1. Step through the residues of the range A:172-182 one at a time and calculate ³J(HN,Hα) from phi using the Karplus curve (6.51 cos²θ - 1.76 cosθ + 1.60, θ = phi - 60°), rounding each to whole Hz and writing x for Gly and Pro.
2. What longest region of chain B stays clear of chymotrypsin sites (Phe, Trp or Tyr not before Pro) that DSSP places outside H, G, I, E and B and that have at most 16 other Cβ atoms within 10 Å?
3. Using R₀ = 25 Å, calculate the FRET efficiency as 1/(1 + (r/R₀)^6) where r is the Cβ-Cβ separation of A:Ala183 and A:Glu124; round to 0.05.
4. Whole number please: convex hull volume per residue of the Cα set in chain B, in Å³?
5. What are the residues whose amide H is under 5 Å from the amide H of A:Asn240, where those residues sit 5 or more places off or on another chain and H is modelled from the backbone?
6. Once you keep just the Cα pairs under 8 angstrom separated by 6 or more residues, what percentage relative contact order results for the range B:79-167?
7. Straight distance only, please: which lysines reach the Cα of A:Lys243 with their own Cα at less than 18 Å, same-chain residues fewer than 8 apart left out?
8. In the neighborhood of A:Gly76, defined by Cβ-to-Cβ distances under 11 Å, what is the net charge if each Lys or Arg adds +1 and each Asp or Glu adds -1?
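The values are calculated or read from the model by the stated rules, or taken from the named source; none is laboratory data. Everything numeric in this text was worked out from a predicted model, so none of it was measured. Here Cβ is always computed from backbone atoms with ideal geometry, including for glycine, and neighbour counts include all displayed protein chains. The accessibility values were calculated without ligands, DNA or RNA, using every heavy atom of the protein model including side chains. Shrake-Rupley method; radii C 1.70, N 1.55, O 1.52, S 1.80 Å.
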Amino acid sequence: MADIQIERVRKDFGAVRALDEITLHVADGEFVALLGPSGCGKTTLLRIVAGLETRTAGRIVIGGRDLSDVPTRNRGLAMVFQNYAVFPHMTVYENIAFGLRMQGADTTRVQAQVKRAAELLHIEMLLDRYPAKLSGGQRQRVAVARALAVEPPVLLMDEPLSNLDALLRLEMRADLKAILQEAGTTTIYVTHDQTEAMGLADRIAVMHGGRIVQFDTPMAVYGRPQSTFVGGFVGSPPMNFIKVDVTGGQAKLGALSLPAPVASGSVLAGIRAEDFALVERDKGLPFNVLVVEPLGSHALMTGRVADQIIRVVAPPDTAHAAGTEIGLAPVQQRIVWMDAGSGTALGRSA
Amino acid sequence: MNALRRIVYATGIIAICAWVLVPIYFIALGAFGGRGGVFAWPKTGLPDRVLLGAMQRFLEIEGVWEAALNSVIAAGLCMLLSIALGAPAGYALARFRFRGANLYRLLILMTRAFPLAILALPLTVSFIRIGLYDTPYGVALIHTALALPFAALITSSLFVGIPRELEEAAWIFGCTRWQAFLKVVLPLALPGIAATAIFAFVISWNEVFAASILTVRERTLTAYLLKILSESPLHYRFAGGLLLIVPSVVFIFAVRKYLFAMWGIANR
Ligand SMILES: Nc1ncnc2c1ncn2[C@@H]1O[C@H](COP(=O)(O)OP(=O)(O)O)[C@@H](O)[C@H]1O
Ligand SMILES: [Mg+2]
């Protein structure tokens, strides 16, 4: 039983503010991804939770216990490092057994736990090897096995898959999800890869410039971004933001007129690439197709709306050739309206 | 591998071996060849007969064994002190960011820029006062001062080469700072530390200036040989020279595994 409460945590590196009043509550057994571009403070936050980095202000409470000033070794958590940090002078077996031995577990328990963790990660046949003789993917599995062997209430992972090649990453992602779901471990998972966060997490905390800008389920973060930053960062291709003028509460998109959350002025209509229906030119928003990329499962069309470049995903057989002009009809209830100035969401259209 | 590469490779190895072994061989010839062997030209591959006389007589010179023992004491102590003081300093330089770290690094090197000759007189005076004058312990202290900068800087680069995350992982899994050092950092740094220790030993073993000034009767081997051999026949000098070289060579040979490990050559 361990939930994680991060309360108003701030971190300054000299004059640089790396974390600005971060508050985050991870429920017991929940898998939360910290997602954000490089340099936004994800690692710093994770290291503060682990006690590897000092905080400037704030509290870390795990399972109801204030751990803010408790040394790392007594926080009762496990961690998987980005570069794995597998001990090179110990066999795989000794690596996995390390945490258990430090806890003073007896031999039978050590053996049983190492065996279980190794089986979970399919590395039983590597137990006698030294890390130097392992591939990156195998080392990664050792690092995860070492963390799981102690049956930690809380698991922290810092970009654990970023050093693997694409295929291994996919495989490892599925394995991780299955293993952690079964173990019920409260997990904070740092990544800059939005597909990873979407695929793994129960909830995603999107970070930007040392703040959490949105904390929600993957589908909500994807479908209802609270700012243009989130919409642009999460999802591939990024969300389109089309600038439209509103008069009398109606936004005008080509031939279409849609209800907008403001009475007048200029707003951004955030629309996902797949949320368009292709219609005839004069029945929708005129779209000038510039490039078509057939991607197998779908086609990605890049083109111009007025003077803006947007991307549209279409079923592979309905894509139009480059140079043609068609109409787009956005799925109305999926549009996210954003303030043109601040780039923050305006609430749902009336 | 093609023939040309093999030839170049072999030539390189032979050249390097010759560079080290030929002088040693000539010294050995001089030491074992007797009075005539030193001056004989051209040198024969092997001496006509091995004359152990010079070596034997040399080893019988009064005080050689005592001097050798002094050398071992001084060098051993210098080695221990250099590691005991240098490794923590190296660790601090490698792991902690503190105000003046760069200045500290520079100061370490600066101690080597200070000429020993200037220090000699005041050192002698204070050593007499403390009672360290004319003991191998006093010599060991000075040699430690000479070896310490290297020990600190070499171990610092060793520790820098051990990823911080390894230590952090040890903390995560329940180690104190000290336990993490013992269980993770030390085993990984050990080959390098051993090499550093040998380096300190050899620095002390070879040093002659400070050792000559700070001792009168309790001379180290180098200082003692310098004194007595200047008046001895040439083949005695060769015998003494060989005796000075052999321990360093044997010592380094014994720990070559660690040196190779430090240089990244796999030991097969
Ligand atoms: N030890 C440090 N000293 C100074 N600045 C740091 C240190 N660690 C991180 N930073 C700064 O803090 C910010 C956040 O870094 P980090 O947490 O590593 O980001 P992320 O993991 O999201 O890429 C960056 O601007 C980085 O330059
Ligand atoms: Mg990072």
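1. 5, 4, 5, 4, 4, 4, 4, 5, 6, 4, 5
2. For chymotrypsin sites (Phe, Trp or Tyr not before Pro) (loop position, at most 16 other Cβ atoms within 10 Å), the longest site-free span of chain B is B:99-262.
3. 0.85
4. Here the figure is 195 Å³ per residue.
5. For A:Asn240, the qualifying residues are A:Ile271, A:Arg272, A:Ala273.
6. Over the range B:79-167, the number comes to 63 percent.
7. A:Lys252
8. Neighbour charge sum, excluding A:Gly76 itself: +2.
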